[in-house]
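Take a look at the structure set out below.
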Amino acid sequence: MIICRALLALAIVGSTIPYAGAQFGGMPGMPGSPGAGGGGFGAPQSGPPPKCQALLSIRDELQKHGAAIQGANEKKADVKVACRLFRNYIATEAKMLRMLEVDGPGCGAGPQVVQQVRGSHAKAQQIGKQVCDAAARGPAPSGPTLSDALGTSPALPDTREKKGAGTFETLTGNPFARP
């Protein structure tokens with residue numbers, strides 16, 4: 001139950017990434033941003049600088065990892081699979097956070113974006129730890145069986161081959177073998 005809640009929470013957290021990416025509005029080289037250049041129709045358009053392109057690609061990768069976690073949650077995937085997906089997500093998010101701290105201001109990402117990703121990363125780490133701890137514990141032990149509760153052991157059927165067992169044998173034995 002905790003795992004499902006954790007996956008759902010991360011899916012919600014992961015769905016906020018597009019909003020964080022939308023705050024890259026002042027990225028150099030993008031239309032509508034200051035200093036984008038705009039000589040008119042014949043002027044060559046330059047794209048964002050390579051460091052900003054790297055930020056955009058890591059953001060897209062993070063969205064893919066979030067979608068994978070959400071898909072695993074919908075399919076009720078195994079906890080070990082969820083742990084692996086969370087590890088990938090957290091590693092990618094840490095990489096994005098480092099890139100944002102270094103290159104974010106030059107790419108138009110304000111300090112609020114860094115704070116938002118930092119908060120999302122802390123939540124993802126917490127949820128990922130819970131999921132991976134649950135995966136390490138293994139499947140939850142089942143409760144006592146009825147035999148345990150009654151203090152008896154289950155009687156296993158006799159698997160030794162019986163002589164005379166045939167089609168016409170009834171509960172009282174073979175009726176044709178009687179004198």
Of the conditions (1) modelled with pLDDT of 90 or more; (2) within 18 Å of residue 58 (Cβ to Cβ); (3) of a type in the set (Gly, Ala, Ser), the single one that residue 108 does not satisfy is (1)
Pair list, Cβ under 9 Å, 6 or more apart: the range 48-73 residue touching a residue at least 60 places away in the same chain (Cβ under 8 Å), other residue loosely packed, with under 14 Cβ neighbours inside 10 Å:
70/15; 72/78; 73/4
Would you call residue 136 farther than 13 Å from residue 58 by Cβ, among the small types (Gly, Ala, Ser), surrounded by fewer than 20 Cβ atoms within 10 Å (Cβ to Cβ) and free of Cβ contacts under 8 Å to residues at least 60 places away in the same chain?
yes
What is the one condition in (1) modelled with pLDDT under 90; (2) surrounded by 14 or more Cβ atoms within 10 Å (Cβ to Cβ) that residue 68 does not satisfy?
(1)
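The values are calculated or read from the model by the stated rules, or taken from the named source; none is laboratory data. What you are looking at is a predicted structure, and each value in this text was computed from that prediction instead of being measured. Note that we place each Cβ from the backbone using ideal geometry, even for glycine, and neighbour counts take in every protein chain shown.
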